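The values are calculated or read from the model by the stated rules, or taken from the named source; none is laboratory data. Just so it is clear, the model here is predicted, and its values are computed rather than measured. Heads up, the Cβs are rebuilt from the backbone with ideal geometry, glycines too, and the neighbour counts pull from every protein chain shown.
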Amino acid sequence: RAFLAEVHKRMGDLLGELTLNSARSSWPLSFQHTAKIVDHRLALVGDSAHGMHPIAGQGLNLGLRDVGALVEVLDEALRLGLDLGDAQVLKKYEEWRALDSLMVMGATDSLTRIFGIRGKTASALRRFGMDGIQRTSWLKGFFMNEARGVSGQLPELLKA
């Protein structure tokens, strides 16, 4: 009852009347990445291919780039008259997405760990690092592009 009261306090009647139909559970956020995102006539995209901390919406950015890349690869295969489920077609998608997803996941996991360190020294070092990024225009631009999801080889669907 306390949990439902807290949800109601924060959400009001926006969701209507809520009831619990099972015991509450939680799952810790963790780095989950598979090196193989394609198999026989199967391609994983978004959270099915990589699970990560929801820092700054980077999981959404990765998922959108996954979808855009898969659409582009499948469109090219269709224009060439290839079977869309062909292993070589799907391998092209997997190779396109491999480095980007691993780099973004590694960066977000590192940031989560760095910002999880408690203490005045760690806090001072984080402020120093953030100040350095803020004062260096090319570095600031790099991180802003990464955060917006517009760096690297973007699929045509995601180009402005």
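Whenever a residue of segment 6-18 is of a type in the set (Asp, Glu), it has no partner that is assigned to a helix (DSSP H, G or I) lying with C-beta atoms less than 7 angstrom away and at least six residues away or across chains.
Being of a type in the set (S, T, N, Q) and in contact with a helix residue (DSSP H, G or I) (Cβ under 7 Å, 6 or more places away or on another chain) is the filter here; which residues of segment 42-100 pass it? Hit for segment 42-100 is Gln58, nothing else.
Would you check if Arg126 is assigned to a loop (DSSP other than H, G, I, E, B), of a type in the set (D, E, K, R) and under 23 Å from Phe31 (Cβ atoms)?
On the way: assigned to a loop (DSSP other than H, G, I, E, B): no; of a type in the set (D, E, K, R): yes; under 23 Å from Phe31 (Cβ atoms): yes.
It is false that Arg126 is assigned to a loop (DSSP other than H, G, I, E, B), of a type in the set (D, E, K, R) and under 23 Å from Phe31 (Cβ atoms).
Filtering Ala77, Ala87, Ala107, Ala69 for residues that are modelled with pLDDT under 95 and among the aliphatic types (A, V, I, L, M) leaves a single hit, Ala107. Only one residue in Leu70, Leu82, Leu74, Leu62 is part of a helix (DSSP H, G or I) and surrounded by fewer than 19 Cβ atoms within 10 Å (Cβ to Cβ), so which one is that? Matching residue, one of Leu70, Leu82, Leu74, Leu62: Leu74.
Is it the case, given these coordinates, that Leu102 is touching a strand residue (DSSP E or B) at 6+ places or on another chain (Cβ under 9 Å) and either of a type outside the set (A, V, I, L, M) or in a helix (DSSP H, G or I) (or both)? For Leu102, the condition - touching a strand residue (DSSP E or B) at 6+ places or on another chain (Cβ under 9 Å) and either of a type outside the set (A, V, I, L, M) or in a helix (DSSP H, G or I) (or both) - is met.
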